[in-house]
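FYI, it's all coordinate maths here, none of it is from the lab. This structure is a prediction, so every number in the text was calculated from the model and none was measured. No Cβ is skipped: glycine too gets one built from the backbone with ideal geometry, and neighbour counts run over all protein chains shown.
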Amino acid sequence: MKLNLPTKIRRTIKFSLLSFLVLSFIFLLFEGPGTYWQIKTYINQGEEIKKLVADFGDSDHQVRWEAIKALGNLKDKRSIPHLIKILNGDRSMRWLAVEALGKIKDKGCVDKLLTILKDSDIYIKEVTIWALGEIGDKKAVNHIIPELNHESWEVRKATAEALGIFKDRKALDPLIKTLDDSYWRVRASAVWALGELKDKKAVYPIIKSLRDEHKHVQVQVNSAGALGKIGDEKSIKPLVMALEDDDWNVTRSAAWALERFGEKALLNLIEVLKSPSADTRALIIWTLGEMKLNQGYEAIIKHLHDEDGGVRRVTARVLGDWGNPKAVSPLLNALPDKNPEVTVEILFALGNYRDKRIASTLIPYADSFHDIIRWAVVKALSNFKQKEVIEIIKRALNDESEQVREAASEALNKMKVKLPEK
C-alpha cells in the first residue's frame, strides 16, 4: 500500500535518514568500531546488573553473596545504589557490599563509607578502611588515623596500609608512633606506609625498625625497602650493615635499597665485597651489575677467580649482561673453570659479545665430555655466522645428547641455515 504523504513531509523524512547515515559514517570514521562494542558492552553490563540485583532476594545466601561479589568485579557505577541499599543488611552481605564499593572506587561512596566506619564489627571496620584506601579520597584520612589505636590488630594493620596509599603527610607522626606497635604485622604495614610517604623525618625511626628488636623478618624487609624509597644518605651505613643479616630476605632487600642510591652507595658496596660470606659477595656483585657503574665493574671483574663457584657464576652472568666490551678478555682468560657450571656461565656470557676472538676460543669446547658444556657452546656460537662455526653446529646435530641436538637445530634455524632434505 503506497502512502500519499505531502511533499514537505517526504522531504523531511529523506533528510532525516540521510543525516542519520552521514552522522553514522562520521561516528565510525572518527570513533571507530571499538566505540560501538563499548556501547554494546555497557548495555549488556546493565542487563547483567539487573539480574545480579534480582539475586539479592534469593533464599540461598551463597547466591546472594556471589551476586554482590560479581557486582564488585564489574566495577560499574550503576551498581552503587543497589550496594548501598544492602549496607544495612546482615553482616556478611554488608561486608561484601563494602568490598564491592571499594572495587568500584567511586568517590561518591566515601560519605556513606565513613558512616559505616563507625560500625562496632571489627571485620566491617577493617574492610571499610580498605575500601576507603582503594577509593583514595583524602578527606577520609582524618577519619581513619584514630583507628591506628584500635584494639584489633587487623584494624590497625588495614589503617596503616590505607594511609600508605593516601600518602598524606598528616599520617606521618601517627605512623611513626605505630612502629612501636606490639604486633609485627602492624609494624610491617606502618613502615611500608612510611616508605610510601617518603618523608625524611621518618628515616631514623625506620633505621631502628631495620634492627627490629624482635627480629621479625618482614618488618626488617619493609624497613630496608622504605629507606630505599626515601633515599636519605643517612640510611646507607645501616643498610650496608643489614647486608650481613642472617636472613637472606633482609640482605636482598637491603641490597635493592642500596642500588637505588646509585653512586652514593658504590664505595660502601665495594667494601662489602670483602665479606667472608659467599652469599653476600654474590649478592653485592649482582647489585653492582644492576647499577652498571664503571667503578663497580672494576671491582667485580676479579671475582671471576673467587674461591667460591657460586660467586664466579654470578660474576660471569653479570659480565655477560653488562655489555661492556672490556669484559671479553677477562672472561676468555677465565676459561676453563674447574666447575663445569661456571664454565657454562662464562660461555653464555661470551655469547653476548661480538668480539672476533670469541668464536675461535669457544669452538674447542664443542668436544667437551660434559654434555652441558657442549650444549652451552652451541647456544653461544649461534650468535656467530662464520663458516667454521656453522660446520661445528651442524656436527652437533648428531651429538649423543638430545639436549645438544635440539640446541643445534634451534641454532641453525636462528642463523637461517638451510639443511639438505633427508
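Summarising the overall dimensions of segment 293-353 from its C-alpha atoms, the Rg and Dmax are 10.1, 29 angstrom. What does the charge count near residue 396 come to, summing +1 for each Lys or Arg and -1 for each Asp or Glu among other residues with Cβ under 14 Å from its Cβ? Charge balance in the 14 Å sphere: -3.
Relative to the dominant Cα principal axis of the chain, helix 153-166 is inclined by about 80°.
With the Cα gyration tensor of segment 360-422 in hand, give its eigenvalues times 5 under a square root as the equivalent ellipsoid semi-axes, listed largest first in whole angstrom.
Numbers: eigenvalues 56, 38, 17 Å².
Largest first, segment 360-422 gives 17, 14, 9 Å.
The stretch between residue 292 and residue 58, if pulled fully straight at 0.36 nm per residue, gains 78.1 nm over its current Cα-Cα span. Restricting the GluC sites (Glu not before Pro) of segment 271-334 to loop positions (DSSP other than H, G, I, E, B) with no more than 12 neighbouring Cβ atoms within 10 Å leaves 307.
Find the all-direction average of the projected area of the Cα convex hull for segment 167-304, expressing the result in square nanometres with one decimal place.
Working: hull surface 31.0 nm².
That works out to 7.8 nm², a quarter of the Cα hull's surface.
Overall form of segment 59-121: oblate. Here a/c, set by the Cα gyration tensor axes a ≥ b ≥ c, is 1.5 or more, and a/b is not larger than b/c. Label zone (residue 401, point 7 Å along Cα-to-C-beta; backbone nitrogen cut-off 15 Å) within segment 327-346: 337, 339-346.
Distance between the C-alpha centres of segment 355-389 and segment 62-88: 62 Å, rounded to the whole angstrom. Using the Cβ of residue 172 as centre and a radius below 13 Å, the other residues enclosed give a net charge of +3, where K and R count +1 and D and E count -1. Among 115, 251, the order by Cβ neighbours within 10 angstrom, fewest to most, reads 115, 251. Quotient of the Cα radius of gyration of segment 37-158 and 2.2 N^0.38 Å, N being its number of residues: 1.09.
Helix 91-104 and the longest principal axis of the Cα set of the chain meet at an angle near 70°.
Each residue of segment 194-206 was assigned a 3J(HN,Hα) from its phi angle through the Karplus expression (A = 6.51, B = -1.76, C = 1.60, θ = phi - 60°), giving 5, x, 6, 6, 6, 9, 5, 4, 8, 4, 5, x, 6 Hz with x at Gly and Pro.
Mind giving me the FRET efficiency for residue 44 and residue 92? R0 is 30 Å, r the Cβ-Cβ distance, nearest 0.05 is fine.
Details: r = 29 Å, r/R0 = 0.95.
So, using R0 = 30 Å, E works out to roughly 0.55.
Among the chymotrypsin sites (Phe, Trp or Tyr not before Pro) found in segment 39-109, not one is both in a DSSP coil and sparsely packed, with 12 or fewer other Cβ atoms within 10 Å of its Cβ. Given their separation in residues at 0.36 nm each and the Cα-Cα distance between them, residue 103 and residue 185 gain 27.1 nm when the chain is fully extended. With contacts taken as Cα pairs under 8 Å at a separation of at least 6 residues, the chain carries a relative contact order of 6 percent.
Between residue 355 and residue 244, what FRET efficiency comes out of the Förster formula 1/(1 + (r/R0)^6) with R0 = 30 Å and r the beta carbon distance, rounded to 0.05? Please list the in-between numbers first.
Working: r = 38 Å, r/R0 = 1.26.
In this case the efficiency is close to 0.20.
Which GluC sites (Glu not before Pro) does segment 189-240 hold that lie in a coil by DSSP with at most 15 other beta carbons within 10 Å?
Values: sites: 196, 213, 233; in loops: 213.
Of the GluC sites (Glu not before Pro), the ones in loops of segment 189-240 whose Cβ has at most 15 other Cβ atoms within 10 Å are 213.
Compared with the dominant principal axis of the Cα atoms in the chain, helix 278-291 is inclined by about 70°. The alpha carbons of the chain stretch over 90, 78, 43 Å along the principal axes, in descending order.
What net charge do the residues around residue 378 carry, taking every other residue with its C-beta under 13 Å from that of residue 378, with Lys and Arg at +1 and Asp and Glu at -1?
Numbers: positive: 374, 379, 394, 395, 405, 414; negative: 367, 371, 391, 399, 402, 406, 410.
Here the charged neighbours net out to -1.
Distance between the pseudo-spin-label points of residue 278 and residue 114 (7 Å out from Cα toward the beta carbon): 6.0 nm.
When the helices in the chain are scored as -39500 (n - 2.57) per DSSP H run of 4 or longer and the sum is shared across all residues, what 222 nm value do you end up with, to the nearest 500 deg cm²/dmol?
On the way: 25 runs with 284 residues, N = 422.
Calculated at 222 nm, the ellipticity per residue is -20500 deg cm²/dmol.
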